[in-house]
Each structure stands twice: as C-alpha cells, then as structure tokens.
Amino acid sequence: MSTIETAPAASGLVDVRARLRRACQDVGRVEDAVKLICVSKGFGHQDILPIIEAGERAFGENRVQEAVEKWPNLSSSYPDIELHLIGPLQSNKADAAVALFDVIQTLDRPKIAMAVSAAMRKTGRKPKCFVQVNTGEELQKSGVFPRDLSRFLQICRDEANLDISGLMCIPPVDQLASPHFALLNELAREFQLRELSMGMSADFELAVQMGATLVRVGSAIFGERRQYLSPMKI
Ligand SMILES: *Cc1c(COP(=O)(O)O)cnc(C)c1O
C-alpha cells in the first residue's frame with residue numbers, strides 16, 4: 001500500500017481562476033493581460049504540486065531562505081516555473097535571491113539595488129526587477145515613499161544599471177485599497193513602467209479593474225497559511 005497522502009484538490013485555484021476571468025471580462029481586459037502569481041509562502045511540496053499540475057507556473061515567496069529550501073527541488077521537473085520574490089530583501093541574501101528568483105518585486109533602497117546589481121554580474125543571471133512603493137507611507141512597512149520614487153528609479157538606472165519593469169504595492173490593511181491602487185497606477189504612468197503588481201486574495205478583482213498586470217494571491221488558492229516547516233528541521 002502506498003503511504004503517500006492524497007494531494008488536496010486545487011479547488012481554491014479553480015475559484016480564483018473563475019474570479020479572475022470574470023474580473024477581466026467586467027472591464028474588457030483579456031485574461032492573459034493579468035498574470036496570476038500563486039503565493040506559496042508557508043506551504044510545502046504536497047500543497048504546491050497540485051497547483052503546478054493544474055497548470056500554474058508563476059509562484060511568489062516572501063522569504064529567500066524558505067524559497068531556497070523548497071523550490072530548487074520542486075521546479076527541477078518544471079523548468080518553465082517563474083519565481084517571484086515578494087518579501088523584503090536583505091543585501092546579504094542578494095546573491096541567493098538573484099540565483100533563484102526570476103522576478104524581484106521588492107527593490108526599495110539603494111543598498112539593495114546595488115547588491116542585486118552586483119549579484120547579477122557575479123551570477124550572470126538577470127531577474128526582472130520591480131520597485132516596491134509604500135503608498136500608505138507606513139513607517140513599519142518596506143517600500144519607497146511615492147515622493148522618493150523618482151530619485152530611487154534614477155539610482156536604479158544610472159548607478160545600479162538595473163532595468164525596472166514595474167511597481168508593486170501592499171496597501172495598508174486598515175484602509176480601502178482603491179486609492180493605493182490608483183496611486184500606483186498613476187506613478188507607473190508617470191515613469192512609463194509597464195507592470196503593476198497589486199491585489200491579493202481579498203481585493204484582486206479591484207486591482208484588475210484598476211490596471212494590475214500581476215495579482216498576488218495566496219490564501220484564496222492554498223487555504224489558510226501555515227508556518228512553513230523546513231524539511232531540514234523535520
Ligand atoms: C502573503 C502575501 C500575499 C498573498 O496574500 P493573500 O491575502 O493570502 O492572498 C500577497 N502579497 C504579498 C507581498 C504577501 O506577502
């Protein structure tokens with residue numbers, strides 16, 4: 001008898017895909033115009049595999065260490081998987097992040113931009129880069145304040161030699177998301193950046209209405225988050 005547990009059905013994903021399709025239809029956008037990033041932080045192989053097998057290829061992780069422990073193994077059989085770093089990056093993790101991730105969404109200060117740039121030279125890899133904007137100007141949250149964005153983009157381009165593809169934001173939890181999505185959209189237009197990463201489980205339809213090109217959805221796909229247990233600690 002096999003002792004392998006039955007993989008959970010990807011029912012959350014089916015629902016999210018339907019919601020995304022409807023949201024795109026409602027505003028006359030094609031579904032392909034919005035990339036679904038499945039946020040798998042906290043989940044291990046047995047939860048992630050059914051989502052990969054259901055056809056999803058873009059995944060988001062918020063901690064470099066956790067991603068390094070679980071993804072190389074998972075993605076070796078699926079070379080077209082695209083990994084997004086959506087959590088804060090420390091400069092001492094820049095090499096590991098550049099080696100693993102295909103998109104780094106959370107550049108937010110010169111030191112990190114320089115570290116990512118150096119890691120790209122060292123590894124020969126060139127992940128796409130986004131700048132995280134702290135649209136709510138929350139002191140405890142990462143991200144560049146809107147008024148500092150122009151200067152930071154200049155540093156990324158001129159000093160770190162990085163191409164910035166887009167902007168990302170996480171609105172304050174206690175506020176309506178729409179003004180934050182609108183602000184991010186406005187900033188992307190002002191600086192002629194194509195990609196907009198905004199919207200999570202609770203509000204991705206709204207983000208789609210307001211121009212998101214990537215939505216980051218975790219709990220609506222995977223269910224309630226757990227503490228990720230490193231296989232090395234089990
Ligand atoms: C966890 C996380 C998400 C997903 O949140 P859900 O509410 O579970 O969809 C999206 N973006 C970032 C930056 C996150 O850390």
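No lab work stands behind these numbers, since they all come straight from the coordinates. These numbers come from a predicted model, not from an experiment. For neighbour counting, all protein chains shown are included, and Cβ atoms are generated from backbone atoms with ideal geometry for every residue, glycine included.
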Given Lys93/Lys141; Lys35/Lys111; Lys93/Lys128; Lys70/Lys128; Lys70/Lys93, the pairs whose alpha carbons are separated by over 23 Å: Lys35/Lys111
Label-reachable residues, the stretch 165-201, where backbone N falls under 16 Å from a point 7 Å from Gln154's Cα toward its Cβ: 191-192
Listed residue (Val208, Ala67, His45) projecting farthest to the positive dipole end of the chain, Cβ model: Ala67
Dipole magnitude of the chain, debye to nearest 20 (Cβ charges: Lys/Arg +1, Asp/Glu -1, about Cα centre): 480 debye
Cα-based equivalent ellipsoid of the stretch 109-234: semi-axis lengths in Å, sorted from largest, via gyration tensor: 25, 22, 14
Separation of the Gln65 and Asp163 label points, Cα + 7 Å toward Cβ, nm: 3.4 nm
Equivalent ellipsoid, the stretch 77-122 (semi-axes from 5 times Cα gyration tensor eigenvalues, Å): 19, 12, 8
Positive dipole terminus of the chain, leading residue within Ala160, Leu107, Val173 (C-beta point charges): Ala160
Dmax and Rg, reported as Rg then Dmax, of the stretch 13-224 (C-alpha, Å): 16.4, 45
